[in-house]
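Please treat every number below as a calculation from the coordinates, not as lab data. What you see is a predicted model; the values in this text were computed from it and never measured. We place every Cβ from the backbone using ideal geometry, glycine too, and count neighbours over all the protein chains shown.
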Amino acid sequence: MGRLTAITGPRHLRRRALLVVHLAVLLAVVLAMPSALSCPPLLCSHHAESAPLAHRAVVPPAPVELSMSLAPSAQNVDPLAPVTVTATAGSLLSVRMVNDAGKPIEGVTTPDNTVWKPTVPLGYGRTYTVTATGLGADQTTRALVSSFTTLIPGNQAAVRLTTTGNQTLVEGGTYGVGTVVVARFDEPVPDRAAAQRALRVTTNPPVEGAWTWVNDATAHWRPQHYYAPGTTVTVAANIYGAPLGQGLYGQADTGVTFRIGDAHIAIANDITKQVSVFDNGKLVRTMPTSMGMGGSETIGGRTISFWTQPGIYTVMDKSNPVVMDSSTYGLPINSRLGYKETINWATRISTDGIYLHELEDTVWAQGNTNLSHGCLNLSAENARWFYDFSQPGDVVEVRDTGGAPLELWQNGDWSVPWPQWLAGGAAEPTTQQAPARDAGDLPPPSLEKQGADGQPPR
């Protein structure tokens, strides 16, 4: 704590001394606050802020700008090309697209009302007009009107999804563990890879599978191994708008979902001349049979085999009765071995006419002697039981017979080794193909044979 020193002496000297002290204190205070005396706070603040405000510009609200993803009057537009209307510095009030017949095209706008697009693919060879209105930040409106024309294919190809028996796969149907999916185009496809990219198969549970091409118009898909019972299979042929080479375009999308039923596997052994039938791995029936007699005959320069060829077949279809005519595969009815008969309880397993069927005339030979032209003869009771038991895609293995191995074209898909199967594809196989386009991008099922916007294709 400081010490106070008393000022003593005459009174006038004491007053002078006090005055000097006061002046010294005041001077010290002034020197300690030079900035405070240089400019009053309010005055400084006023001068510092007032100058920039005098030069600050006011930006008016921007008007809306409308644009379209296609150039005005664009020609030969891919019907699957992205078509969007966009509002910048504002929002869309309305967008209307119509085709040249005046049919409105459905569309959807983003939640912020800045982008619109159609929700269905467009048609081939059609002119579309878009009319849009937008509202800007300046509260003014602007309009946009634009037209474009889609391409006209040189030709179009449709596709059917079938079994190997050429039966259309049924939505929700049940098929065997050896089911092969067949994509049948009604035109030869110049660009197989492009077509294959449009063909997608997904399964639940996932399986390893791939496409192979039988010819320029037909592709087959199967898994590497038999399906597990209960597997769900979804096939999508998203060919609409797909360029398939040399001016050929896909006509319409199609698809199907089906289920794999119980595992039915029949094994025909020529050594025992018995057909052993398994249901989910359990032996449920053994049937004596008489198979192909063997040998061959050449007629008109064509060699006809009478073996039941070894290999893995699948059930293609069945008929009761069926007319069997040897002339259908080149053996005249009036020849030494020719025939034309009506046969009951016939289950077909090959494209060239191999059946498991009833033939009571050979019951005596069934189980001991081969007498047929290639079919597997059964008793009436066994043939009917197998007919009722079978479903398309069930597996029939023929073992230990003579003759050439079963070929792919004969319904021998499962007789083709997996590496060879992969080599027959036009693109890299995948365990699960990429997902199909969004539902909004697909034509409704009712438009399968029409233009995507409901108009006849051109």
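What net charge is computed for the residues neighbouring Y329, neighbours being all others with C-beta under 10 Å from the C-beta of Y329, Lys and Arg scored +1, Asp and Glu -1?
Values: positive: R302; negative: D325, D352.
Summing Lys/Arg as +1 and Asp/Glu as -1 gives -1.
Could you compute Rg(Cα) / (2.2 N^0.38 Å) for the range 188-239, with N its residue count? Please list the in-between numbers first.
Values: Rg = 12.0 Å, N = 52, 2.2 N^0.38 = 9.9 Å.
Taking the Cα Rg and dividing by 2.2 N^0.38 Å, one obtains 1.22.
Using only the Cα atoms, what convex hull volume per residue in Å³ does the range 65-150 have?
Looking at the range 65-150, the number lands at 78 Å³ per residue.
Quickly work out the T303-to-T174 label distance, labels modelled 7 Å from Cα along the C-beta direction, and quote it in nm with one decimal.
So the two model labels end up 4.4 nm from each other.
Can you give the net charge of the other residues whose Cβ lies under 14 Å from the Cβ of R384, counting K and R as +1 and D and E as -1? Please list the in-between numbers first.
Numbers: positive: R285, K318; negative: E358, E360, E381, D388.
Result for the local shell: -2.
Please state the equivalent ellipsoid semi-axes for the range 264-405: what are the square roots of 5 times the Cα gyration tensor eigenvalues, largest first, in whole Å? Please report the intermediate quantities before stating the final value.
Details: eigenvalues 111, 50, 40 Å².
For the range 264-405, the ellipsoid semi-axes come out as 24, 16, 14 Å.
Put a dot 7 Å past each Cα toward the Cβ at Q420 and K340; how far apart are the dots in nm?
3.7
With just the Cα atoms of the range 101-233, tell me how far they stretch along each of the three principal axes, in Å, largest first.
Taking max minus min along each principal axis of the Cα atoms, the range 101-233 gives 66, 36, 24 Å.
So how far apart, in nm, are the two label points at T232 and D352 if each is 7 Å from Cα heading toward Cβ?
Each label point lies 7 Å from its Cα, and together they span 4.1 nm.
What are the lysines whose alpha-carbon lies under 28 Å from the alpha-carbon of K282, with same-chain residues fewer than 8 places away excluded?
K273, K318
So how strong a dipole does the range 65-150 carry about its Cα centre when Lys and Arg Cβ are +1 and Asp and Glu Cβ are -1, to the nearest 20 debye?
Numbers: 5 positive and 6 negative charges, 39 e Å.
I would put it at about 180 debye.
Check cross-link reach from K340 to the aspartates and glutamates: straight Cα distance under 12 Å, and skip same-chain residues fewer than eight apart.
Excluding near neighbours in sequence, the set is D325.
Using the Cα gyration tensor of the range 202-344, with a ≥ b ≥ c the square roots of its eigenvalues, what is the shape: rounded (a/c below 1.5), prolate (a/b larger than b/c) or oblate (neither)?
Working: a/c = 2.47, a/b = 1.32, b/c = 1.87.
Oblate is the answer for the range 202-344, as a/c is 1.5 or above yet b/c matches or exceeds a/b.
Can you give the net charge of the other residues whose Cβ lies under 15 Å from the Cβ of T308, counting K and R as +1 and D and E as -1? Let's see the in-between values first.
Values: positive: K273, R348, R399; negative: D270, D352, E397, D400, E407.
Result for the neighbourhood of T308: -2.
Straight distance only, please: which lysines reach the Cα of K103 with their own Cα at less than 22 Å, same-chain residues fewer than 8 apart left out?
K117, K449
Would you please put 136-143, 391-398, 289-296 in order of how densely packed they are, using the mean number of other Cβ atoms within 10 angstrom per residue and starting with the highest?
On the way: 136-143: 13.5, 391-398: 23.9, 289-296: 19.2.
Sorting 136-143, 391-398, 289-296 by mean packing, highest first, produces 391-398, 289-296, 136-143.
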